[in-house]
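Written out below as structure tokens is the structure these notes cover.
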Amino acid sequence: MEIENTIEKNGVIPAAHDEANLLEVRDLKQYFPIKSGFFKRTVGYVKAVDGISFSIKRGTTMGLVGESGCGKTTTGRTILRLYNKTAGQVLFGGRDIFAMNRTELRKFRPKAQIVFQDPYSSLSPRLPVEEIIGEAVRTHGIVPKERYGDYITKIMEDCGLPEYYKERYPHEFSGGQRQRICIARALALNPEFIVCDEPVSALDVSIQAQIINLFKDLQSEYGLTYLFISHDLSVVEHISDTVGVMYLGDLVEYAPTDKLFSDPRHPYTKALFSAIPVPDPEYRMNRIILEGAIPSPANPPQGCKFHTRCSECKEICKTVAPPTVQLGGDHYVKCHLYTDEKG
Amino acid sequence: MEDKRIKSIQELSENGAEIQEEEIINEESSVCAAGTTPAEAEITPADGEEQKLDDARRVKYLSPTALVFKRFFRNKLAVTGIIILAVLFAFCFLGSAIYPYREADVFMTIREIEFDYSFAKINEDYNNVYSENSKTGAVIRTMTNSYIKNDMQPYGLTEFGVTDPSSDKRYVIRKLNDNIYTVNFEDFDDILSYKTEEAVGSYTARGSRFIVGSGVSEELKNALTQAFEDAGGDVLAVSVTLNGNVYTLSDGKIVCAYGEPVTVLRTDDVTDELFEAAVSAAEGDFSHGGADYKKAVSSGLVTVSTEKSYVDTVATSYVFDRYDLNDVLTDNFRFNALIAIGLGNADFVSDSHAYGIYSEGENTVITCEKGGKTVPYAEPTVYSVRRYSGQDTISVATKKAMSAIMMEMKEEGLVSAKRTIKMEALDEDGNYVLDEDGEIVFDDEEFSVKSENKGMGQQFVFRNMQEKQVADIFAAPSSEHVLGLDGNAMDVLARIMYGGRVSLLIGFIVVFIEIILGTIMGGISGYFGKAVDNIIMRIVDVFYCIPTMPILIILGAVFDQMRLPNVERVIWMMAVLGFLGWPGIARLVRGQILSLREQDFMIAAEASGLTSRRKIFRHLIPNVIPQLIVQATMGLGGVIITESTLSFLGLGVKFPMATWGQIINSVSSLSEMTKYTYIWIPVGSLICLAVIAFNFVGDGLRDAFDPKMNR
């Protein structure tokens, strides 16, 4: 009940389930306990995700940006129930994944997949490519046995991997090829939703482009829905339909891509976007330099979490946490500067 | 390789493929770019399709296992280790099957050693020779020697009477000569007995009543009744004479006094004169015709007996030497011979054989008839010469020679001497060697003689060189035994082979137990974490605290006490070593699994909805196996060392089962170690070699498994 209330109070996302949304996240919280001492007592919590709400429509891509340690990856993993939530709801096709029992969870697993940032640690070094891709396919019986080989071949070809790579082992591939294998592994389970957890950060730029384009191609072919986590704003701009900006466990701004990039409202988003490099040596960048370092998520500041570094900080920001404000369209921002506008 | 490659390139060229030879040849030595490994080009033209030079299909990729093998076999040290191990295993397992000797075969050798041959001494004690029906009591038998030496000889007595306290019988020890004494049994023989009076019936008298008992004739009854009445009831006054016998009454009995004595026993020796003399003699001893007799009277029965004395036992300091060693001298023969010698007779008969006695100075020889000739049969002597074992198998001539040496040494007061004696040569069967004339061949035999006094009087021990079969201990290496024999005369090479089997196998089994236990415990600990992890890791800590060596030493002592058979000992030792060794493996596996569990591919597996079993056995365990193999290989050497140490300390495998440590243990004393280097140096080297080889292989495997190593 408390959660429902919060959402109503924030007024971001209607409590009712919208059929167009594949994924709805409602006030999701993920706290990690800090244990210390001989008896491992919990002395505090790292508030990695501190009450965020958003939704993703079927067949669209949501970008999630923010600096390191702001909780992007935790969000991505929690909505796949790879971590147990602290509070909130994650609705996948209208069903709360944290309320699922073993059998339901087993049916849910292939529908939502993840692609990792590090293509080196995300592939078991002692299995050949075919086994990496096909292992879970067999487990879940995605295709009949007799079509298994052809199916793997097709998935590999879709991901730009020749058939004869099947018997090779991960150590024989370059980073880009490995990332293709990861994508193939995710794709092979015929998912509806893929969390792309900084899938191109570890790759050089030319490969990045290939992989991004692969993601886009696959989306149009399979009708996939992505949560695209990145700290690379230009990549996010290129691939996303909507973008969320996270700061210290909070979703501070959330809007369609074009709106956000053309008109960022939150001071943090502005500062972030001012750092996008422009490929013009003559251009004078007007960068907003943020003072100080990002505070500890274990002990976030009172009031607005950003107030310690905000250039437009007011008295109220130091004591009262700002509500999420809808600025027209689907533009949501969490800042006291716009509290009045809504009213 | 090069040739083959060029050849295949030529074939390709003929097929029309545009190939630059130089590039392909260079490819072999070049290290491939990141992410790929040096690859063996497998140039297989696809069906009709032309492959480009950089076509990835031209490169044959290897599985991680194959890669490990490839890297491993590039490591020269590791290959050396593998070869050493292969040779060791072949040596221990095949070698012992081929080698003719087994681990516990004891090898004997014939060696000339100076050994006790015989002893000689002057017989000063008097030993008893009993007659066939000897009645001498046990006390007298055991005391005879003492009576002679302590009671007779110091006082020059020739006769000594003793009474057996247990039977009150009298014996007289008489001296025949210095060496022969007889023990005479003094016995009384009844020769005559007769009756003078006898009770013939009974009566009852009360006042005037007088009744005679039954069994008495009517005539006597009437006569007695009459006499009773006549005497006026005084029974003592009654006296009736009937048929020359006088009947009187006494104390309820009718006593008949015979007119003439009635003979009960009369031997042939009793003459009428003797009879009359006996009758007339008073009770007690009397003499008749020079002989002593004894008369005893008991209620009218008179017994006359004569004292009889016969030789029951002969005590002598003589021993008999036989001329023919096949003859057996019976006690009867010796008894009769000694009496004859003592009495100075010239012949005697024993067991219906006739023997003659010839004396010549101090020597006396007993002869007998054999094959129509009179031959010496036996000789009594005070010199006792016997084989050291106590057997009497020395010829009379040799005995005499030895006696002479003894007497000579006694006179000169020598304690030890070397003397040569002419002895009959013996063939292999122990028979005399005869020459062409049928005469016995004599050989010179050198003896070292030594005087000994071991509480049984002085005796002289003769030692000579004898061929003896002895265990060939510590035999130096020879063509027959390449590494010689150890302190138990067992072939060292055979023991090394059989010992190696145990030493090498123990390592494998112990490490297998360690790996199984360690992987299960570490796996559970790492995968489930939290409380389970805590509990298991504390158990591991406890196991780490257990001091292995003291525990093993205690266990070794316990096994000793329980007298466990060797095979069970080995099994227990392996179990204990494995049980004490798993914590290291458990920590390693736990650490690995903890780090692997957080890897992205495990999260991907979770997201893919794989089962726990699949995650553990397909993703975790295969990634731990390299470390396990390295640890196991390194551990093998350690276990061999531990086993050797235990066996060396005598707590491991017990003799006669061999292990390498046990073989070194067989030369554990400092003097043996310095002297018999050929026993412990080879096996010590083998232990070193095995451990080094295991470590080489372990190092090689570790390097081969290391993914950072590209070569």
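The values are calculated or read from the model by the stated rules, or taken from the named source; none is laboratory data. In this text the structure is predicted, and so the values were computed from the model without any measurement. A quick note on method: Cβ atoms are made from the backbone with ideal geometry, for glycine too, and the neighbour counts reach across all protein chains shown. Areas reflect the complete protein model, heavy atoms only, side chains present, ligands, DNA and RNA absent. Shrake-Rupley method; radii C 1.70, N 1.55, O 1.52, S 1.80 Å.
The coefficient of translational diffusion for region B:319-381, derived via Stokes-Einstein from the alpha carbon Kirkwood radius under 25 °C and 0.890 mPa s, stands at 210 µm²/s.
Let me have the relative contact order for chain A, percent, based on Cα pairs under 8 Å that are six or more residues apart. Don't skip to the end; give the middle numbers.
Numbers: 618 pairs, mean separation 66.4, N = 343.
Averaging sequence separation for qualifying contacts and normalising by length gives 19 percent for chain A.
Against the empirical 2.2 N^0.38 Å (N residues), chain B has a Cα radius of gyration ratio of 2.01.
Over 14 Å apart: what share of the alpha carbon pairs of region B:474-567 falls there, rounded to a whole percent?
On the way: 3466 of 4371 pairs.
Result: 79 percent of Cα pairs exceed 14 Å.
Note the per residue figure in Å³ for the convex hull of the C-alpha positions in the protein assembly as shown. Kindly include the intermediate steps, with their values, before the conclusion.
On the way: hull volume 517.0 nm³, N = 1054.
Roughly 490 Å³ of hull volume per residue.
Measuring nothing but how far apart in sequence close Cα pairs (under 8 Å, 6+ apart) lie, relative to its length, region B:319-381 scores a relative contact order of 33 percent.
With N set to the number of residues, divide the alpha-carbon radius of gyration of region B:323-426 by 2.2 N^0.38 Å and report two decimals.
On the way: Rg = 15.7 Å, N = 104, 2.2 N^0.38 = 12.8 Å.
Relative to the rule-of-thumb radius for its length, region B:323-426 sits at 1.22.
Spacing of the modelled spin labels on A:T339 and B:T241, each 7 Å from Cα toward Cβ, amounts to 18.2 nm.
Ranked from the most accessible area to the least, with a 1.4 Å probe and all protein chains present, what is the order of B:K410, B:K70, A:K154?
A:K154, B:K410, B:K70
Counted by Cβ distance under 13 Å from A:V252, the other residues give a net charge of +2, where Lys and Arg count +1 and Asp and Glu count -1. Past the 15 angstrom mark, what percentage of all C-alpha to C-alpha distances in region B:197-256 do you count? Here the long-distance tail beyond 15 Å is 38 percent of all Cα pairs in region B:197-256.
Between B:L157 and B:D560, the simple spin-label model (points 7 angstrom out along Cα→Cβ) gives 6.1 nm. Most mobile of A:D250, A:D330, A:D197 per a Gaussian network model of chain A (Cα springs, under 10 Å)? Evaluated over chain A, the most mobile residue of the options is A:D330. The angle separating the long axis of helix B:2-14 from the principal Cα axis of greatest extent in chain B is about 40 degrees. Averaged over the residues of A:123-132, the number of partner chain Cβ atoms lying within 10 Å of the residue Cβ comes to 5. Kirkwood analysis of region B:266-315, using all unique Cα-Cα pairs, places the hydrodynamic radius at 12.1 Å. The mean sequence separation of alpha-carbon pairs under 8 Å and at least six residues apart, normalised by the residue count of chain B, gives a relative contact order of 16 percent.
Inverting the pair-averaged 1/r between distinct Cα atoms of region B:216-326 gives 18.8 Å as its Kirkwood hydrodynamic radius. Averaged over peptide B:615-628, the number of partner chain Cβ atoms lying within 10 Å of each residue's Cβ comes to 2.
These residues, A:K270, A:K334, go from largest to smallest accessible area, 1.4 Å probe, as A:K270, A:K334.
Only protein atoms count toward the accessible area here, which uses a 1.4 Å probe; on chain B, the carbon and sulfur part of that area reaches 54 percent.
Peptide A:171-183 shows a mean partner chain C-beta count of 3 within 10 Å per residue C-beta. Each listed q (0.11, 0.26 Å⁻¹) maps to a log10 I(q)/I(0) for region A:33-101, found by the Debye formula over equal Cα scatterers with no solvent: -0.36, -1.30. Dipole magnitude for region A:192-343: about 700 debye, using +1 per Lys or Arg Cβ and -1 per Asp or Glu Cβ, origin at the Cα centre. The trypsin sites (Lys or Arg not before Pro) found in region B:548-626 that occupy coil by DSSP, while having at most 11 further C-beta atoms within 10 Å, are B:R563.
How charged is the neighbourhood of B:L596? Take every other residue with its Cβ under 13 Å from the Cβ of B:L596, and add Lys/Arg as +1 and Asp/Glu as -1. The partial results should precede the final answer.
Values: positive: A:R126, B:R590, B:R597, B:K615, B:R618; negative: B:E598, B:D600, B:E606.
Value of the local net charge: +2.
Just checking the listed ones, A:A293, A:A321, A:A271: in the Gaussian network model of chain A with Cα springs under 10 Å, the one fluctuating most is A:A293. Over all alpha-carbon pairs in region A:142-183, figure out the percentage whose distance exceeds 16 Å. Summing the P(r) of region A:142-183 above 16 Å gives 36 percent of all pairs.
Calculate the dipole size of chain A relative to its Cα centre from +1 charges on Lys and Arg beta carbons and -1 charges on Asp and Glu beta carbons; express the result in debye to the nearest 20. Walk me through the numbers before you get to the answer.
Values: 41 positive and 43 negative charges, 270 e Å.
It works out to roughly 1300 debye.
The residue list B:G232, B:N145, A:L233 was ranked by how far each Cα lies along the charge dipole of the protein assembly as shown toward its positive end, using unit charges on Cβ atoms, and A:L233 comes out on top.
Volume per residue of the convex hull around the Cα atoms, evaluated for region B:396-472, comes out as 144 Å³. Highest mobility in the GNM of chain A, judged by mean-square fluctuation with C-alpha springs under 10 Å and restricted to A:I288, A:I132, A:I114, is found for A:I288. Taking the Cα atoms of region A:269-317, the ratio Rg/Rh between the radius of gyration and the Kirkwood radius comes to 1.10. Principal axis extents of the C-alpha atoms in chain A (largest first, rounded to whole Å): 67, 56, 49.
For region B:120-276, the mean projected area of the C-alpha convex hull, equal to one quarter of the hull surface, is 16.7 nm². Counting only the Cα atoms, region B:549-691 fills a convex hull of 131 Å³ per residue. Rounded to the nearest 20, the size of the Cβ-charge dipole of region B:197-256 about its Cα centre is 200 debye, with Lys and Arg at +1 and Asp and Glu at -1. Sorting B:T303, A:T269 by solvent-accessible area of protein heavy atoms yields B:T303, A:T269, largest first, with a 1.4 Å probe.
Counting only alpha carbon atoms, the long axis of helix B:548-562 and the longest principal axis of chain B meet at about 30°.
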